[in-house]
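> Below is the structure I would like to discuss, written out as structure tokens.
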Amino acid sequence: PARWLDDDTGYTTLEPNSSNKSVKEIIRYDIDGAERSVLVTAKQLQPPHKEKPLIIKNYDWSPNRKLLLIFTNSKRVWRKNTRGDYWVLDLESGKLTQLGGDAKPATLMFAKFSPDNNAVAYVRDNNIYVESVTSGEIIQLTADGGDSIINGTSDWVYEEEFSIVRAFEWNSDSSKIVFIRFDETEVPEFSMDVYGKELYPSQQVFKYPKAGENNSKLELHLFDINSDNLSKIDLNGFENYYIPRIQWT
């Protein structure tokens, strides 16, 4: 859908390239006179040594509007296509860089620019990473993510009941990230037959607490990037609490 630019001078849309309808470009419409211009061309979206441009599933601008974060090659997780590949396009130099280092295809989730435009944070295999958009250096913030521990994104129940998927937030000067840690160890498993195009259904097994059963245990953690320090936030002894939202003042 159309998206307003931060300065309110116009909006952007995704529209097919004039010569290749299967490729979409980012188009800008100015409010004064409704002038149309191609903001990001199909050529800019074509990575080196690739035959075709990226197919945009979603996109986001850096705060200074000089970098474009592109979400592509998306895969379904629970209800939505939230796992995929992320690329950063430098609009000044034209350089197109894939994030994730040695990550397998379509394994990154919920990438978000830092407020200072210098880095992108994302979730990979239930752990949180921060990657510099200039040097490419990758810092791994958590290492305990796995089948039962989820960092920076939500479990099945929180996505369903609270509509939360990305569970981390940058602070205003890009020096810290706060995130929710889900521990599903004591949550019972539920199995469900999934009917698709095949003759027989497949079976999906996931952690699902019915009424009276254990929910995920939640903790709130803070990572200080400058000191490389990870700490747990004291929630004053509350038990059986929910954290449906986190936000910096």
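The values are calculated or read from the model by the stated rules, or taken from the named source; none is laboratory data. What you see is a predicted model; the values in this text were computed from it and never measured. Positions of Cβ are backbone-derived with ideal geometry, glycine not excepted, and every protein chain shown enters the neighbour counts. Only protein heavy atoms, including side chains, enter the accessible area calculation; ligands, DNA and RNA are left aside. Shrake-Rupley method; radii C 1.70, N 1.55, O 1.52, S 1.80 Å.
> Over the Cα atoms, compute the radius of gyration (one decimal) and Dmax (the largest Cα-Cα distance, rounded to a whole number) for segment 55-101, in Å.
Reported Rg and Dmax, both Å: 11.6, 37.
> Fully extended, how many nm does the chain gain between E160 and A106 (0.36 nm per residue separation, minus their Cα-Cα distance)?
Answer, rounded to one decimal: 17.2 nm.
> What shape does segment 137-179 have by the C-alpha gyration tensor, where a ≥ b ≥ c are the square roots of the eigenvalues, rounded means a/c under 1.5, and otherwise prolate means a/b greater than b/c and oblate the rest?
In terms of gyration-tensor shape, oblate.
> So what are the ³J(HN,Hα) numbers for segment 163-168, from phi and the Karplus equation (6.51, -1.76, 1.60; θ = phi - 60°), rounded to whole Hz, Gly and Pro as x?
6, 10, 10, 8, 10, 9
> Next question, about the same structure. If you build a Gaussian network model of the chain, linking Cα atoms that sit under 10 Å apart, which residue out of Y158, Y208, Y200 swings the most?
The residue that fluctuates most here is Y200.
> How much length, in nm to one decimal, is gained on full extension between D224 and S22, taken as 0.36 nm per residue of separation minus their Cα-Cα distance?
Fully extending the segment from D224 to S22 adds 68.4 nm.
> Picking from D30, D125, D102, which is most flexible by a Gaussian network model of the chain using Cα springs under 10 Å?
Of D30, D125, D102, the most mobile in the Gaussian network model is D102.
> Rounded to the nearest 0.05, what FRET efficiency do N118 and M192 give with R0 = 45 Å and r taken as the Cβ-Cβ distance? Could you check?
Calculated transfer efficiency: 0.60.
> Here's a follow-up. Taking Cα centroids, how far is segment 99-177 from segment 1-71 in Å?
Cα centroid of segment 99-177 versus Cα centroid of segment 1-71: 24 Å apart.
> Which value, in debye to the nearest 20, describes the size of the charge dipole of the chain about its Cα centre when Lys and Arg Cβ atoms bear +1, Asp and Glu Cβ atoms bear -1, and nothing else is charged?
1000 debye
> A follow-up question, please. Restricted to Cα positions, what overall size does segment 1-69 have along the principal axes? Three whole-Å values, descending.
The Cα atoms of segment 1-69 stretch 37, 26, 17 Å along the principal axes, largest first.
> Here's a follow-up. Need the full-extension length gain, K210 to T185, defined as separation in residues times 0.36 nm minus the C-alpha distance. One decimal, nm.
Roughly 7.5 nm would be gained on extension.
> Probe radius 1.4 Å, ligands and nucleic acids left out: which of H221, H49 has the largest accessible area, and how do the rest follow?
H49, H221
> Still on this structure: Work out how far the C-alpha atoms of segment 49-133 reach from end to end along every principal axis, then list the three figures in whole Å, largest first.
Dimensions of segment 49-133 along the principal axes of its Cα atoms: 36, 31, 24 Å.
> Give me the orientation-averaged projected area of the Cα convex hull of segment 104-249, in nm², one decimal.
11.0 nm²
> Hey, for a label at W248 modelled as a point 7 Å past Cα toward Cβ, could you say which residues of segment 160-177 have their backbone N under 16 Å away?
It comes to 167-177, nothing else.
> Using a Gaussian network for the chain with springs between C-alpha atoms less than 10 Å apart, which of these wobbles most: W87, W78, W61?
Top of the fluctuation ranking is W78.
> Work from the charge dipole of the chain (Cβ charges, +1 for Lys and Arg, -1 for Asp and Glu, about the Cα centre) and give the residue of L235, Y208, V194 farthest towards its positive end.
Most positive-ward Cα: V194.
> Write down the Kirkwood hydrodynamic radius of segment 1-152, to one decimal in angstroms, obtained as one divided by the mean of 1/r over all alpha carbon pairs.
After inverting the pairwise mean of 1/r, the radius is 16.5 Å.
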